[in-house]
Amino acid sequence: MPGPLRTEAVVLRSIRYGEADRILHLYTPAHGRIGAIAKGARRARSRFGARLEPFMHVRAVLHEGRSDLLTVTAVDTIAVHRLLRERAAALDSAARACDAVARLFETSEPHPEVFRLLLNLLALLDADVAHARPGVSLAFRLKLLLAAGIVPQLAACAVCGETEHLQGFSGAAGGVVCTACEAGSFPLSEEAYRFLVAALGSPLAQAPNGGDLIVRQVGRAIGETAEHHAHVRLRPLPAA
């Protein structure tokens, strides 16, 4: 990576390292996930200040060093998302969202739509704690699966193509299954099926609500899809 890399980024994770440094996991629009080190970031008079905390939207300048980590040499704040840090539910939703992005999109392959989706969620959580409800988090994860190219098949049975009697879900098959192909699947209620369809087709801010049954079934469908087709285990969401 010749010359400095100038990029917007969301801080997914910030880890204490050594006596004064921080190791950062950054998600960028054009370079995917980046590992970086901010030297001296924890010193009282650091030039970075508090601009490298998780969930911050920043503009950074990074340089290639001797290790696999890039070195942060400058950073400016674009959005702090201060209010979400003051609300436990919003903070938890933001942490789970960043973790899901880090697990599903761990390479430098660019996914600008994922970057925009994450910024959208963080802005929603910062604006109103109501967006910390499980329905929004489930819709966010579904849209991540879409960006990763592993979104579940919902229009017809993932095994035989039948369009009726879709009453189960199979992560291994890749979507909903009919009663004739339900071996190895788990039951999917009509409410959970409607949630899946509506969440994929709606803006994140308009994600449908879901009770405990929907959260369990849709969360399981998303989790099994990610595990079977991306070999990624997502952290489970809390109950509704």
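Entry note, region 5-79: relative contact order of 32 percent, from Cα contacts under 8 Å with a spacing of 6+ residues.
Note that region 201-214 has calculated 3J(HN,Hα) couplings of x, 10, x, 4, 5, 10, 4, x, 7, x, x, 4, 5, 5 Hz, one per residue in order, obtained from phi through the Karplus relation 6.51 cos²θ - 1.76 cosθ + 1.60 (θ = phi - 60°); glycine and proline are x. Relative contact order for the chain: 16 percent, from Cα pairs under 8 Å spaced at least 6 residues apart, divided by residue count. Largest GNM mean-square fluctuation among Asp68, Asp128, Asp21, using the chain with Cα springs under 10 Å: Asp68. Springs join every pair of Cα atoms under 10 Å in this Gaussian network model of the chain, and among Gly135, Gly171, Gly18 the largest mean-square fluctuation is at Gly18. With 0.36 nm allotted per residue and the present C-alpha distance subtracted, the Arg43-Ser189 stretch has 47.2 nm of extension available.
With 0.36 nm allotted per residue and the present C-alpha distance subtracted, the Ala88-Ser108 stretch has 4.1 nm of extension available. Inter-label distance, Ala30 to Arg16: 3.6 nm, where each label sits 7 Å from its Cα along the C-beta direction. For the chain, set up a GNM with springs between Cα atoms under 10 Å and report which of Leu213, Leu91, Leu26 has the largest fluctuation. In the Gaussian network model the winner is Leu213. Ranked by how many other Cβ atoms sit within 10 Å of their own Cβ, fewest first, the residues Phe169, Phe55 fall in the order Phe55, Phe169.
When Ile23, Ile37 are sorted by how many other C-beta atoms sit within 10 angstrom of their C-beta, beginning with the fewest, the order is Ile23, Ile37.
Per-residue Cβ neighbour counts within 10 Å put Lys143, Lys39 in the sequence Lys39, Lys143, beginning with the fewest. Under a crude label model (7 Å from the Cα following the beta-carbon direction), how far is His165 from Asp76 in nanometres? Output for this residue pair reads 6.2 nm.
Only the coordinates and a few stated rules stand behind these numbers; no lab work does. None of the values given here were measured: they were computed from a predicted structure. As a convention, Cβ positions derive from the backbone with ideal geometry for all residues, glycine included, and neighbour counts pool all protein chains shown.
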